[in-house]
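None of the figures in this text is laboratory data; all of them are computed from the coordinates on show. These figures come from a predicted structure and were not determined experimentally. All Cβ positions, even for glycine, are placed from backbone atoms using ideal geometry, and neighbour counts span all protein chains on display.
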Amino acid sequence: MSDLKKGIILVGHGGIPKGYPADQVSKLKRLEAQRRAANQPMSAEELELDTRIRTWPRTPETDPYQAGLEALGTQMKPMVNGALFSLAYNEFCGPTLEQAVEDLIQQGAQSITVVSTMFTPGGSHSEYEIPEELEDLRKKHPEVTLHYAWPFNLSQVSKMLVDHIGKFS
């Protein structure tokens, strides 16, 4: 098993880039809410709006969230013992989790661990959406092992935060 090619995906929330039309975000969120309420697949209109915002040109100035997640990924990548490494976003930014999984599989990953930057329980992305997407991807790629590193050990997260606070006290 140790010869399996491994991959890691760091998933962040995603942000709306500065300058993106607010009416388009509102329309996208409305369509998403309707779809979820009806338990339907994404409509062509929602997919088009979702793709447009995820592929909108970005810079660190127009999307500091993306720049921040990329900076975190740059710090993490050398620490993952040579595993393939990718970033993904829940919304507003690309790549999607599905796109990141597909990319790592294309690169030969046979075992992929997904970890979210959202540490606390209670969030819809971490608790529902990511597990649902991974379940669909497991069906699509039964030959690949997909792990979800969730939930976080809140004691460890608390220790990290307290250690960090100590640097400012």
So the FRET efficiency between A67 and V25, C-beta based with R0 = 22 Å and rounded to 0.05, is 0.65
Fraction of antiparallel bridges per DSSP, the chain only, in percent to nearest 5 | 0
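Could you line up K159, K27 from fewest to most neighbouring Cβ atoms inside 10 Å? Mind dumping the intermediate values first?
Working: K159 11, K27 14.
The most exposed by this proxy come first: K159, K27.
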Report the full-extension gain for the segment Q110 to E32: residue separation times 0.36 nm, less the Cα-Cα distance, to one decimal in nm.
-> 24.9 nm
Enumerate the amide H contacts of I8 below 5 Å, restricted to partners 5 or more residues apart or on another chain; note that Pro and chain-start residues carry no placed amide H.
-> L84, F85, S86, T113
Gaussian network model of the chain, Cα within-10 Å springs - most flexible of D50, D23, D136 = D23
Once a ≥ b ≥ c are taken as the square roots of the eigenvalues of the Cα gyration tensor of the chain, is the result rounded (a/c under 1.5), prolate (a/b larger than b/c) or oblate (a/b not larger than b/c)?
-> oblate
Chymotrypsin sites (Phe, Trp or Tyr not before Pro) within segment 92-169: DSSP coil, no more than 15 neighbouring Cβ in 10 Å | F168
